[in-house]
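The values are calculated or read from the model by the stated rules, or taken from the named source; none is laboratory data. What you see is a predicted model, and the numbers here were worked out from it, not measured in a lab. Backbone-built Cβ (ideal geometry, glycine too); neighbour counts: all protein chains shown.
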Amino acid sequence: MRSWRPWSRRWLLLVVLGFSAHAQELRAAGVRHALVIDTRGDGQRPIPSAQNDAEKMAELLERLDFRVTHLPKARLTSLRAAVAKLASGLQGQDVVLVYFSGHGAQYLGENYLVPFDAEVATPQDIPKQAYALRELFVALRAHVGPKIVLLDACRSPPRFSRAVTDALVPGFADSPAAWPDTVIGFATTPGEWAESGSSDGHSPYTTALLKFLPIPGVRFADILMRVRINVAANTQDRQVPWENGSARAHFYFRPAATATFQFEEADDDALVMLNGRIVSSWLRYGREPQVLDLVAGANPFTVFVYNDKTVGGGVLILGGKQPQGWRFGLTISTAQGGRRVFQGREDILVREGPRHGKMFEVVRGVLHVDEGTGRVSMVDVKEREWEP
């Protein structure tokens, strides 16, 4: 029989009195809008992977409950019209995301998105033929909700004339988050070119976005960190993504999967530890269900029971206490309809016993959250077997 480590009553009281309910993160609750802009480089300088990137990003954002407008081969007039339409439809705490895939340029300290129909013969043509990133911020400035801009641009120097190319500074300038509650993600460090990837694949930046955006329960700020690490590793630090932000609340592309823990009974006490934290206790919450966020991947949980040390025995039918008795009942359920009930008890009529005044483990297992779908499964469950 495996060994079980008892806990002291004093330690139990310190922990139960000290922990608080699982903190709820702030999450944007408005409608999600996305504009996916694909210039495919431009008419004369195509980027084959840009089309793949934009199409996959549009598909992913739709799965993540965004209302997506996809603008392929975006021309300057259609780009401006799409941004204006997007801005006019925003309300309250709606979330707005703009994703751009194509060529970008920096001229005289200003960042520009190069549309499909750009005709640039001289450096002075850039402000007239390209879309200034500043225009996007001006169009969205009245919206008070979260604003996200993801720029997979500056993948390679646009093949303009020598005079134009010489006038351009590599990559984008470092653009501050122009308005409150705005996050701007750049494919690479300011002043550097980004890689395009293979013609039949995706760029390093969008590859990482497609991988990490759908993971449930990960804050957007942490996703950007993962994207930066991933892209830097896959390009041997030739490309390091960059971002600026003024976000006022945490945002999740896919909310965390949840599990509900509800005790039906316990004597003398029982508690649940999830991911190394005490999240529910019979003495504190009774039968009140505790709905808890799970992280992607493995979420180990353990159920403990405390058996108080009884001072007196007595005749049970006359109200006496049995010195070694304990019991618990716990239901664990998930939002997808999964449900499992755990129960246990022990009635040994002796004044002193191995579990007298002890806390001991009765159940352990793992709630596993699939990173791609967010579905929860319960695995590796072990319940303690009691000797008669």
Those residues that are at pLDDT 80 or above, under 16 Å from ALA233 (Cβ atoms) and in contact with a helix residue (DSSP H, G or I) (Cβ under 8 Å, 6 or more places away or on another chain), I need them from the stretch 168-194; list them, please.
-> ALA187, THR188
Go through the stretch 304-341 and give me each residue that's at pLDDT 85 or above and farther than 24 Å from GLY374 by Cα.
-> PHE304, VAL305, TYR306, ARG327, PHE328, GLY329
Log entry, pairs with first residue in the stretch 59-77 being in contact (Cβ under 8 Å) with a residue 60 or more places away in the chain and farther than 19 Å from GLU135 by Cα, second being in a helix (DSSP H, G or I) and not charged (D, E, K, R), beta carbons closer than 7 Å, six or more apart or on different chains, reads LEU60/LEU210
Would you mind telling me which numbered condition in (1) surrounded by 16 or more Cβ atoms within 10 Å (Cβ to Cβ); (2) more than 22 Å from GLU346 (Cα to Cα); (3) in contact with a Leu (Cβ under 9 Å, 6 or more places away or on another chain) ASP293 fails?
-> (3)
Give the residue that is nearest to THR188 (Cα to Cα), with candidates limited to residues of the stretch 225-251 that are aliphatic (A, V, I, L, M) and surrounded by fewer than 19 Cβ atoms within 10 Å (Cβ to Cβ).
-> VAL240
Can you tell me which residues in the stretch 69-78 are crowded, with 19+ Cβ neighbours inside 10 Å and at pLDDT 95 or above?
-> HIS70
Which residues, taken from the stretch 274-290, are closer than 18 Å to SER377 by Cβ and surrounded by 16 or more Cβ atoms within 10 Å (Cβ to Cβ)?
-> LEU274
Within the stretch 345-368, identify whether any single residue is in contact with a Leu (Cβ under 7 Å, 6 or more places away or on another chain), modelled with pLDDT of 95 or more, part of a strand (DSSP E or B) and within 18 Å of GLY276 (Cβ to Cβ), and answer yes or no.
-> yes
Check ALA194 against each of (1) surrounded by fewer than 22 Cβ atoms within 10 Å (Cβ to Cβ); (2) in the same structural domain as HIS103 (by TED's automatic domain parsing) and name the one condition it does not meet.
-> (1)
What number of residues in the stretch 265-302 are within 18 Å of GLY365 (Cβ to Cβ) and of a type in the set (Asp, Glu)?
-> 1
Quick one: would you say THR373 is at pLDDT 80 or above, within 22 Å of the chain's Cα centre (by Cα), surrounded by 18 or more Cβ atoms within 10 Å (Cβ to Cβ) and in the same structural domain as THR260 (by TED's automatic domain parsing)?
-> no
Exactly one of ALA105, ALA130, ALA142 is aliphatic (A, V, I, L, M), more than 18 Å from LEU76 (Cα to Cα) and in contact (Cβ under 8 Å) with a residue 40 or more places away in the chain, and that one is ALA142
Scan the stretch 207-216 and give yes if some residue there is more than 19 Å from ASP65 (Cα to Cα) and exposed (fewer than 15 other Cβ atoms within 10 Å of the Cβ), otherwise no.
-> no
Residue match in the stretch 84-94 (condition: more than 30 Å from the chain's Cα centre (by Cα) and either closer than 14 Å to ILE37 by Cα or free of Cβ contacts under 8 Å to residues at least 12 places away in the same chain (or both)) | no
